[in-house]
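Presented below is the structure to which this report refers.
Bear in mind that the values in this text are calculations on the coordinates, not laboratory data. Only a predicted model underlies this, so the values are computations on that prediction, with no experimental measurement involved. Methodologically, a virtual Cβ is constructed for each residue, glycine included, from the backbone with ideal geometry; neighbour enumeration extends over all protein chains shown.
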Amino acid sequence: MDVLVTGGTGRLGQRLAGPLQQAGHAVRLMSRRGTGPGGVRGDLATGQDLDLALAGAEVVVHAASDPQGDPWQVDVAGTRRLVQAVDRDLLRHLVYVSIVGVDRIPYGYYRAKFAAEQVLLASGLPVTLLRVTQFHDFVDFLLDTARRGPVLPVPMGWRVQPVDVGEVAQHIADVVGRPPSGGVVEYGGPEDLSAADLARAWAAARAPGAHVVATPVPGKLGAAFRDGAAVPSGGERGTRTYGQHLHG
Ligand SMILES: NC(=O)c1ccc[n+]([C@@H]2O[C@H](COP(=O)([O-])OP(=O)(O)OC[C@H]3O[C@@H](n4cnc5c(N)ncnc54)[C@H](OP(=O)(O)O)[C@@H]3O)[C@@H](O)[C@H]2O)c1
């Protein structure tokens with residue numbers, strides 16, 4: 001099938017071409033500049049070149065996002081533009097990459113992701129809303145950013161279940177070949193860990209000497225993460241652990 005991946009230059013998007021091609025699909029990777037092999041241009045924030053990018057798409061893997069910029073413009077309004085641009089007669093499956101806990105964790109970016117899910121549910125398109133946990137290399141990035149010299153502060157008691165991005169890409173290629181679920185399905189890594197566990201493992205491998213300090217986070221956001229809102233309750237699991245990622 002003709003598969004259009006939005007967010008084709010992203011952490012996940014870059015990994016999707018291989019497994020999708022191995023499953024026999026023709027893959028195009030959309031981004032704002034459309035660079036690289038299979039690259040096509042399309043801007044969700046403005047709608048520019050979206051019609052061209054979506055022409056002929058039988059499957060869309062929607063993995064574009066703008067967490068650092070304006071997710072209401074890119075993720076929510078952009079998803080609405082995407083829905084308007086798809087060819088409804090051709091489209092067989094739209095897989096949206098969301099995040100476990102977007103319905104429960106009171107965080108602005110997650111609210112936008114949840115709103116984008118609602119746009120897709122209301123669209124009448126054949127969708128699967130795939131909520132995934134944090135990618136291992138995204139965890140690395142967060143910990144590296146959080147470190148202040150020898151001190152590595154992490155939220156006390158937060159539970160996470162990170163996943164290998166390559167396994168997510170393979171899982172998405174599998175999901176593409178299944179009938180659309182019409183709702184939410186979850187996918188996460190193999191281990192339910194505390195943020196402090198992760199940070200200690202990361203520090204030992206990547207920042208020897210850094211001292212992990214678990215810090216209480218008051219309020220509803222902290223409570224949701226402590227309650228396990230970011231940990232999947234169902235769905236399939238990857239097998240690669242965070243430790244294997246650090247030492248692999
Ligand atoms: N990172 C995680 O741990 C994680 C965990 C669970 C779920 N997710 C979800 O998985 C998806 C992929 O995450 P990621 O970490 O791979 O994202 P990422 O590395 O931040 O990549 C974002 C992608 O979106 C594209 N993009 C941004 N603004 C755009 C616009 N206006 N029009 C078109 N494309 C635009 C970027 O392309 P250009 O900038 O090149 O145009 C890039 O390809 C996201 O929806 C995210 O919410 C991520």
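Say each of A223 and Q84 gets a label point 7 Å from the Cα, pointing the same way as Cα to Cβ; how far apart are those two points in nm?
Result: 4.0 nm between the two label points.
Could you state the angle between the C-alpha long axis of helix 195-206 and the longest principal axis of the C-alpha atoms of the chain, as a value from 0 to 90 degrees rounded to the nearest 10?
For 195-206 against the chain, the angle is about 90 degrees.
To the nearest 0.05, what FRET efficiency results for D144 and Y107 with a Förster distance of 22 Å applied to their C-beta separation?
For D144 and Y107, the calculated efficiency is 0.60.
Using modelled backbone amide H atoms (1.01 Å from N, in-plane), which distant-in-sequence or interchain residues come within less than 5 Å of R92's amide H?
Residues meeting the criterion, in which the H sits 1.01 Å from N, are V59.
Let me check I've understood the local charge: for D174, count other residues with C-beta under 12 angstrom from its C-beta, Lys and Arg +1, Asp and Glu -1. What total comes out?
Summing Lys/Arg as +1 and Asp/Glu as -1 gives -1.
For the chain, build the charge dipole from Cβ charges (+1 Lys, Arg; -1 Asp, Glu) around the Cα centre, then report which of V185, G228, G47 sits farthest towards its positive end.
The residue sitting farthest along the positive end of the dipole is G228.
Rounded to the nearest 500, what is the chain's calculated 222 nm mean residue ellipticity when only DSSP H runs of at least 4 contribute -39500 (n - 2.57) each, over all residues?
It lands at -10500 deg cm²/dmol.
Report, by chain and number, residues whose modeled amide H sits under 5 Å from the one on L152, excluding near sequence neighbours (fewer than 5 apart, same chain).
Those qualifying (amide H under 5 Å, at least 5 residues apart or on another chain) are H211, V212, V213.
Taking a spot 7 Å from the Cα of S233 along the direction of its beta carbon, which residues of the stretch 121-148 have an amide N less than 15 Å from it?
Residues 131 fall inside that zone.
For D174 and R206 in the same chain, what is the full-extension length gain: residue separation times 0.36 nm, less their Cα-Cα distance, in nm?
This chain segment gains 8.2 nm when fully extended.
If you wrap a convex hull around the alpha carbons of the chain, what volume per residue comes out, as a whole number of Å³? Numbers along the way, then the final one.
Numbers: hull volume 30.0 nm³, N = 248.
Cα-based convex hull of the chain, divided per residue, equals 121 Å³.
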